[in-house]
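Student: Would you mind keeping the following structure in view while I ask a few things?
The values are calculated or read from the model by the stated rules, or taken from the named source; none is laboratory data. Model, not experiment: these values are computed from the prediction. Cβ coordinates were reconstructed from backbone atoms using ideal geometry, including for glycine residues, and neighbour counts include every protein chain displayed.
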């Protein structure tokens, strides 16, 4: 749906789209329709003229680093936002030392 302040109406802009992203200046839209990435102008009445964008994206993961980051973020989140500032009497730094050495064994 596209809503304009002038007409105060929502009109169908496109169907079956997901992963929509608007450019910083608001003039272009990137959208995914049924697995195909397309780009179109936001000024038109619809996305019927959207042009396909060729993509060849590859993601390279270092799973060990990924698991360590997940562990660190979870530990830090609990440290910073746990409802009991005393952590139920646990030495939170010791909890980190105890379990951080197990992270390399995660598969």
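Student: Checking the structure you have, find out if any residue of the range 88-96 is at pLDDT below 95 and either more than 30 Å from residue 37 (Cβ to Cβ) or in a helix (DSSP H, G or I) (or both).
Tutor: There is no residue in the range 88-96 that is at pLDDT below 95 and either more than 30 Å from residue 37 (Cβ to Cβ) or in a helix (DSSP H, G or I) (or both).
Student: Spot the failing condition for residue 62; the list is (1) under 30 Å from residue 107 (Cα atoms); (2) at pLDDT below 85, and only one is missed.
Tutor: Just one mismatch for residue 62, condition (2).
Matching residues to (1) loosely packed, with under 12 Cβ neighbours inside 10 Å; (2) over 21 Å from the mean Cα position of the chain (by Cα); (3) in contact (Cβ under 8 Å) with a residue 60 or more places away in the chain; (4) closer than 30 Å to residue 1 by Cα:
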{"position": "50", "(1), (2), (3), (4)": "no, yes, no, yes"}
{"position": "62", "(1), (2), (3), (4)": "yes, no, no, no"}
{"position": "68", "(1), (2), (3), (4)": "no, no, no, no"}
{"position": "77", "(1), (2), (3), (4)": "yes, no, no, no"}
{"position": "80", "(1), (2), (3), (4)": "yes, yes, no, no"}
{"position": "83", "(1), (2), (3), (4)": "yes, yes, no, no"}
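Student: Now for a different question. Considering only residues that are within 20 Å of the chain's Cα centre (by Cα), surrounded by 10 or more Cβ atoms within 10 Å (Cβ to Cβ) and part of a loop (DSSP other than H, G, I, E, B), which ones fall in the range 1-40?
Tutor: Once the filter is applied, which keeps residues that are within 20 Å of the chain's Cα centre (by Cα), surrounded by 10 or more Cβ atoms within 10 Å (Cβ to Cβ) and part of a loop (DSSP other than H, G, I, E, B), the range 1-40 yields only 23.
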